[in-house]
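Presented below is the structure to which this report refers.
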Amino acid sequence: MDNCMYTTFKKSHATNIPPFLDLIGSVSSSLSSMGDVMTEMDGVLDGVQTMFADGFKKILSQIGNTASVVQYLIVKIEIILQRLAATLIVIMYTLSASLQGILAIKRDKELLNAIDTIINFPAF
């Protein structure tokens, strides 16, 4: 009886089991392929992340360089303005001293008389 049942079972399922095993193999192969795709996508996303991080670092580096240049230029402009202010102060003191000299000459009657004498001196 056991032999008969086994033979009957084997004959009836002999046509059903290979397609079922093929289906399970196909599903297994598809899942394996999907795992490979996921691995590739992970690599692509890592590449994109690295690309954006590197780009952002470069932008920050350029901003840092630009800020350093601007800071250097501000220091240079400050030095130029200090020199300009010092030059203006020297000019003001020179003009003040010249004006004081002119006023001193104008107040000195004897010097004015001497200048008038030199100017009106007869020619030879």
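Quick check: at a probe of 1.4 Å, how many percent of the accessible area of the range 66-124 sits on carbon and sulfur atoms?
Details: 3990 of 5590 Å².
Carbon plus sulfur share of accessible area: 71 percent.
Carbon and sulfur together cover what percent of the accessible area of the range 8-55 at a 1.4 Å probe radius?
On the way: 2820 of 4040 Å².
Summing carbon and sulfur atoms, their accessible area is 70 percent of the total for the range 8-55.
How much FRET efficiency would the formula 1/(1 + (r/R0)^6) give for Leu23 and Ala53, where r is the Cβ-Cβ distance and R0 is 35 Å, rounded to 0.05?
Details: r = 45 Å, r/R0 = 1.27.
The calculated FRET efficiency here is 0.20.
Rounding to the nearest 20 debye, state how big the charge dipole of the range 29-116 is about its Cα centre with +1 on each Lys and Arg Cβ and -1 on each Asp and Glu Cβ.
On the way: 7 positive and 9 negative charges, 173 e Å.
Using only the charged Cβ atoms, the result is roughly 820 debye.
Averaged per residue, what accessible surface does the chain expose to a 1.4 Å probe, in Å²? Don't skip to the answer; put the middle values down first.
On the way: 11430 Å² over 124 residues.
On a per-residue basis, the chain sits at 92 Å².
Against the longest alpha carbon principal axis of the chain, how many degrees, from 0 to 90 and to the nearest 10, is the axis of helix 2-13 turned?
The helix 2-13 is inclined about 50 degrees to the chain.
At 7 Å along Cα-to-Cβ for each site, give me the label-to-label distance between Glu110 and Val70 in nm.
Once both label points are built, they end up 6.7 nm from each other.
Are there any trypsin sites (Lys or Arg not before Pro) in the range 18-111 that are in a DSSP loop and have at most 16 other Cβ atoms within 10 Å? List them by number.
Values: sites: Lys57, Lys58, Lys76, Arg83, Lys106, Arg107, Lys109; in loops: none.
Loop-located and lightly packed - none at all.
The values are calculated or read from the model by the stated rules, or taken from the named source; none is laboratory data. The shown structure was predicted, so the numbers you read here are calculated from the model rather than taken from an experiment. Quick reminder, even Gly has a Cβ in these numbers, built from the backbone with ideal geometry, and neighbours come from all protein chains shown. Each accessible area value is taken on the protein alone, full model and side chains, heavy atoms only, with ligands, DNA and RNA left out. Shrake-Rupley method; radii C 1.70, N 1.55, O 1.52, S 1.80 Å.
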